[in-house]
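See structure below.
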């Protein structure tokens, strides 16, 4: 099975406190640690397991700049066979549809049976996989948390739905699936693994290579544009307990007693 | 403004809470909006009448083939019946996430995910409010709705419109719905496994998130729960890491809990997690990041590393 996995380089929210920058145009990027989007990492692991099971190859693709190449290489170190970087100044500030358009260009250059994305990334939109499938006119399922290869034409898949239930379906290949976290246990990649793939060439494609018009992507193609960032105010906010740990513990115990929190 | 439609999700013949929330969302989008509800399924007559109490018009799309209508089939149906340029509001739940991005491509409309508010329109530019990074920051998003829009609305972000004063009419749109064949066939729904404890029935929960850092540290939370007479629950990353059973997970993709007291320990507070906490409990948030979204919804907050704070609290309770 020929599998393409779409990955994105994102700020690592487990490692950083995400804050709005001083003029509200973006997030504070000083000292930010970046990594592969968590959902995408599960998708790559799933692709590798499927390939090891039924044969074929895994290609990892990312839309981004030189720094995204590191992320592609890291995922290759997990065991993907090849990588692709889709990079062009014209891709800057693409909206979800723009990113899907760029990825479609890469899909059209290959011959893939299965295309995986992470269910969502840092912006929480969960949109690129579904858009890509619609552009390619392929069947799609989101939030996939199990995949079983039935034969070379069909998969049995599970989708995570409300309440921890799982919706089981059969889906025809080729198809696009967006992968939910927890579907597997992604393998650890050490520095040695990354060294092993350090010399492998990662081809880079721009608008021309992908047969795209610059107007269809990037800032000029975007119909959905982020205007600013601000700090959300969802509610009145918690009453913050201050003081020494001892004082805080004492206050908290009184509150918990009053609310029935200590039996 | 273009016609506004809402997509009604339902379970066992009962409309989801979002059916009434989308009325409020439509009115915030356009003050004089009279949205039309769209209901797709099989055996939905009573459901449509129910929805018509809140909508001036309900479009019913009903055939046997739609009894297990997944997003793939529903997308084709909606593309067929919705006028070009419509605005469709969809709950941002697991169905809406499956349906809407692809529908926006098929209808050549813009898509805005997980919207929590609207800030008005200027010509064909609509400004929506969203969040990124799991709720850590908010954004204003401008979208060009000249060609229509598919907008997913976060469940719970808008108050339900309870007026039920519409006494609307149900219009049968089942006649011409196009091709309902699909390359993705529904098989069955597998119910979540039942675990050793039922967190949905507990009054006090000590809930842990990423801040617990390591499987071995879960003991700290268990000790506190024991001291309080509580049970340990968790957020999604703990289950993904296979440190606790799925049945202990609070959130829209896990269990919906209704405790009296909820101790959120090292939990940032994504909307998916908060969506699983009902009944307005007393929420205590303990997190070393003062900007964690959980502090906005908690009653009491403590800026501390749970690894240091929880054992102190446990010791103090044990000494009572």
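Restricting attention to the range A:156-174, the residues being more than 26 Å from residue B:250 (Cβ to Cβ), more than 7 Å from chain B (Cβ to nearest Cβ) and not in a loop (DSSP other than H, G, I, E, B) number 1.
Can you give me the ranges of the strands (runs of 3 or more DSSP E) entirely in the range B:113-190 with at least 2 residues that are under 21 Å from residue B:92 (Cβ atoms), within 13 Å of chain A (Cβ to nearest Cβ) and touching a residue at least 60 places away in the same chain (Cβ under 8 Å)? Break it down into steps so the answer makes sense when it comes.
Values: elements: B:117-122, B:125-132, B:137-144, B:149-153, B:169-172, B:184-190.
Where strands (runs of 3 or more DSSP E) fall fully within the range B:113-190 and carry at least 2 residues being under 21 Å from residue B:92 (Cβ atoms), within 13 Å of chain A (Cβ to nearest Cβ) and touching a residue at least 60 places away in the same chain (Cβ under 8 Å), they are B:125-132, B:149-153.
The helices (runs of 4 or more DSSP H) falling completely within the range A:178-262 that include 2 or more residues that are in contact (Cβ under 8 Å) with a residue 12 or more places away in the chain map to A:191-196, A:207-210, A:218-221.
Note on the range B:1-111: enclosed helices (runs of 4 or more DSSP H) holding 2 or more residues that are free of Cβ contacts under 8 Å to residues at least 40 places away in the same chain are B:45-51, B:71-81, B:94-106. Evaluating residue B:194 against the criteria (1) free of Cβ contacts under 8 Å to residues at least 60 places away in the same chain; (2) surrounded by 15 or more Cβ atoms within 10 Å (Cβ to Cβ); (3) outside the structural domain of residue B:274 (by TED's automatic domain parsing) leaves one unmet condition, (2).
State yes or no: is residue B:66 under 25 Å from residue B:129 (Cβ atoms) and either over 21 Å from the mean Cα position of the chain (by Cα) or surrounded by 19 or more Cβ atoms within 10 Å (Cβ to Cβ) (or both)?
Values: under 25 Å from residue B:129 (Cβ atoms): no; either over 21 Å from the mean Cα position of the chain (by Cα) or surrounded by 19 or more Cβ atoms within 10 Å (Cβ to Cβ) (or both): yes.
Spelling it out, it is not the case that residue B:66 is under 25 Å from residue B:129 (Cβ atoms) and either over 21 Å from the mean Cα position of the chain (by Cα) or surrounded by 19 or more Cβ atoms within 10 Å (Cβ to Cβ) (or both).
For the range A:50-59, the criterion of being at pLDDT below 95 and over 16 Å from the mean Cα position of the chain (by Cα) is met by none of the residues. Take the conditions (1) more than 10 Å from chain A (Cβ to nearest Cβ); (2) surrounded by fewer than 19 Cβ atoms within 10 Å (Cβ to Cβ); (3) under 25 Å from residue B:132 (Cα atoms); residue B:250 misses just one of them, which is (2).
Candidates are the residues of the range A:215-238 that are away from every other protein chain (no Cβ under 11 Å) and surrounded by fewer than 16 Cβ atoms within 10 Å (Cβ to Cβ); the one that is nearest to the chain's Cα centre (by Cα) is A:219.
Looking only at the range A:63-80, decide whether some residue is touching a residue at least 24 places away in the same chain (Cβ under 8 Å) and under 18 Å from residue A:214 (Cα atoms).
Within the range A:63-80, the subset touching a residue at least 24 places away in the same chain (Cβ under 8 Å) is A:63-64, A:67-80.
Next, from what is left, pick out any that are under 18 Å from residue A:214 (Cα atoms): A:63-64.
Yes, that holds for at least one residue.
Condition (residue is touching a strand residue (DSSP E or B) at 6+ places or on another chain (Cβ under 8 Å) and within 24 Å of residue B:270 (Cα to Cα)) applied to the range B:70-77: is it met by at least one residue? Among the residues of the range B:70-77, not one is touching a strand residue (DSSP E or B) at 6+ places or on another chain (Cβ under 8 Å) and within 24 Å of residue B:270 (Cα to Cα), which makes the answer no.
Of the residues in the range B:281-320, how many are closer than 17 Å to residue B:261 by Cα, more than 7 Å from chain A (Cβ to nearest Cβ) and surrounded by fewer than 20 Cβ atoms within 10 Å (Cβ to Cβ)? Matching residues across the range B:281-320 total 0. In the range B:260-273, the qualifying residues are those that are surrounded by fewer than 24 Cβ atoms within 10 Å (Cβ to Cβ) and touching a helix residue (DSSP H, G or I) at 6+ places or on another chain (Cβ under 9 Å), and the one that is farthest from residue B:115 (Cα to Cα) is B:261.
Kindly state which strands (runs of 3 or more DSSP E) lie completely within the range A:50-148 and contain at least 1 residues that are within 14 Å of chain B (Cβ to nearest Cβ) and more than 25 Å from residue B:271 (Cα to Cα).
Values: elements: A:57-63, A:82-86, A:114-118.
Hits in the range A:50-148: A:114-118.
Is it the case that the range A:101-109 has a residue that's farther than 29 Å from residue A:198 by Cβ and buried (at least 21 other Cβ atoms within 10 Å of the Cβ)?
Restricting attention to the range A:101-109, the residues satisfying the condition of being farther than 29 Å from residue A:198 by Cβ are A:101, A:104, A:108.
Filter once more, keeping what is buried (at least 21 other Cβ atoms within 10 Å of the Cβ): A:101.
Yes: the range A:101-109 contains one or more residues that are farther than 29 Å from residue A:198 by Cβ and buried (at least 21 other Cβ atoms within 10 Å of the Cβ).
When the criteria are applied in full, residue A:93 meets the requirement of being at positive phi and touching a residue at least 40 places away in the same chain (Cβ under 8 Å). Looking only at residues of the range A:56-72 that are buried (at least 20 other Cβ atoms within 10 Å of the Cβ) and touching a helix residue (DSSP H, G or I) at 6+ places or on another chain (Cβ under 7 Å), we find that the one that is nearest to residue A:99 (Cα to Cα) is A:63. Picking from residues in the range A:14-37 that are within 22 Å of residue A:143 (Cα to Cα) and surrounded by fewer than 21 Cβ atoms within 10 Å (Cβ to Cβ), the one that is nearest to the other protein chains (Cβ to nearest Cβ) is A:14.
The values are calculated or read from the model by the stated rules, or taken from the named source; none is laboratory data. Because the structure is predicted, anything quoted here is derived from the model rather than measured. Positions of Cβ are generated from backbone atoms using ideal geometry, with glycine treated the same way; all protein chains shown enter the neighbour counts.
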